[in-house]
Amino acid sequence: MLNITELAANKIKEIMVDQNKENSYLRIYVAGVGCSGPNFGMALDDSKTDDDIIIEENGITAVADQRFAPYLEGAVIDYIESEQGSGFEIKSPFESDCGSCCSGCRG
């Protein structure tokens, strides 16, 4: 299902401690689906619903609406550090390699 790298899990735990939300869930959601794939978002959430799936990975309990389960299959949450900055990245096998439908991909 969803994979959370060890680095991402450690950063999520740091944020949970900083925000006094150690008992919260990591909610993963799909903010929209474009021609280049799903646009994911994530937030700390104090509750889950009956419609949620639960994913345990590297000490993080993530939840997502079961409608989004197909998009999460094989997805990876990572924490990227580069010269341009740092932050979380959610990669999905549903993402297009070419950017978007307007990018003029050629195969």
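Any chance you could count how many residues in the range 28-47 are touching a residue at least 24 places away in the same chain (Cβ under 8 Å) and within 15 Å of Asp78 (Cα to Cα)?
Quick first cut of the range 28-47, residues touching a residue at least 24 places away in the same chain (Cβ under 8 Å) only: 28-30, 33-38, 40, 42, 44, 46.
When the remaining residues are screened for being within 15 Å of Asp78 (Cα to Cα), the result is 28, 40, 42.
Residues meeting the conditions: 3.
Given the conditions (1) surrounded by 12 or more Cβ atoms within 10 Å (Cβ to Cβ); (2) in contact with a Ser or Thr (Cβ under 7 Å, 6 or more places away or on another chain); (3) under 18 Å from Asn23 (Cβ atoms), which single one is not true for Asn58?
Answer for Asn58: the failing condition is (2).
Please verify whether the range 48-62 includes one or more residues that are among the aliphatic types (A, V, I, L, M), free of Cβ contacts under 8 Å to residues at least 60 places away in the same chain, farther than 13 Å from Ile77 by Cβ and assigned to a strand (DSSP E or B).
Taking the range 48-62 as the starting set, the residues that turn out to be among the aliphatic types (A, V, I, L, M) are 53-55, 60, 62.
Applying the additional criterion that residues be free of Cβ contacts under 8 Å to residues at least 60 places away in the same chain yields 53-55, 60.
Still in the running and farther than 13 Å from Ile77 by Cβ: 53-54.
Next cut, assigned to a strand (DSSP E or B) only: 53-54.
Yes, the conditions are met somewhere in the range 48-62.
Would you confirm whether any residue within the range 63-78 is loosely packed, with under 13 Cβ neighbours inside 10 Å, touching a helix residue (DSSP H, G or I) at 6+ places or on another chain (Cβ under 9 Å) and outside any strand (DSSP E or B)?
The answer is no; no qualifying residue exists.
Which residues, counting only those in the range 62-91, are under 12 Å from the mean Cα position of the chain (by Cα) and of a type in the set (Ser, Thr, Tyr)? I'd like the intermediate steps shown before the answer.
Looking only at the range 62-91, we keep the residues that are under 12 Å from the mean Cα position of the chain (by Cα), and these are 62-64, 68-69, 71-79, 87-91.
Answer for the range 62-91, where residues must be under 12 Å from the mean Cα position of the chain (by Cα) and of a type in the set (Ser, Thr, Tyr): Tyr71, Tyr79.
Please give the number of the condition Glu89 fails out of (1) modelled with pLDDT under 90; (2) assigned to a strand (DSSP E or B); (3) touching a Phe, Trp or Tyr at 6+ places or on another chain (Cβ under 8 Å).
Only one criterion in (1) modelled with pLDDT under 90; (2) assigned to a strand (DSSP E or B); (3) touching a Phe, Trp or Tyr at 6+ places or on another chain (Cβ under 8 Å) is unmet by Glu89, namely (1).
Every residue in the range 63-98 that is free of Cβ contacts under 8 Å to residues at least 12 places away in the same chain and either touching a strand residue (DSSP E or B) at 6+ places or on another chain (Cβ under 7 Å) or of a type in the set (Phe, Trp, Tyr) (or both), please. Steps first, please.
Keep residues of the range 63-98 that are free of Cβ contacts under 8 Å to residues at least 12 places away in the same chain, which gives 70, 80-87, 97.
Selection gives Ile80, Ser86, Gly87.
Which one is nearest to the chain's Cα centre (by Cα), of the residues in the range 18-37 that are aliphatic (A, V, I, L, M), buried (at least 17 other Cβ atoms within 10 Å of the Cβ) and under 15 Å from Ala69 (Cβ atoms)? Walk me through it before giving the result.
Step one: filter the range 18-37 for residues aliphatic (A, V, I, L, M), giving 26, 28, 30-31, 33.
With buried (at least 17 other Cβ atoms within 10 Å of the Cβ) added as a condition, the list becomes 26, 28, 30.
Adding the requirement that they be under 15 Å from Ala69 (Cβ atoms) leaves 28, 30.
Values: Ile28: 5, Val30: 9 Å.
Looking at residues that are aliphatic (A, V, I, L, M), buried (at least 17 other Cβ atoms within 10 Å of the Cβ) and under 15 Å from Ala69 (Cβ atoms), I get Ile28.
Using the structure shown, decide if Ile15 is within 18 Å of Pro93 (Cβ to Cβ), hydrophobic (A, V, I, L, M, F, W, C) and surrounded by 13 or more Cβ atoms within 10 Å (Cβ to Cβ).
On the way: within 18 Å of Pro93 (Cβ to Cβ): no; hydrophobic (A, V, I, L, M, F, W, C): yes; surrounded by 13 or more Cβ atoms within 10 Å (Cβ to Cβ): yes.
So Ile15 does not fit the description; no.
The values are calculated or read from the model by the stated rules, or taken from the named source; none is laboratory data. This structure is a prediction, so every number in the text was calculated from the model and none was measured. Heads up, the Cβs are rebuilt from the backbone with ideal geometry, glycines too, and the neighbour counts pull from every protein chain shown.
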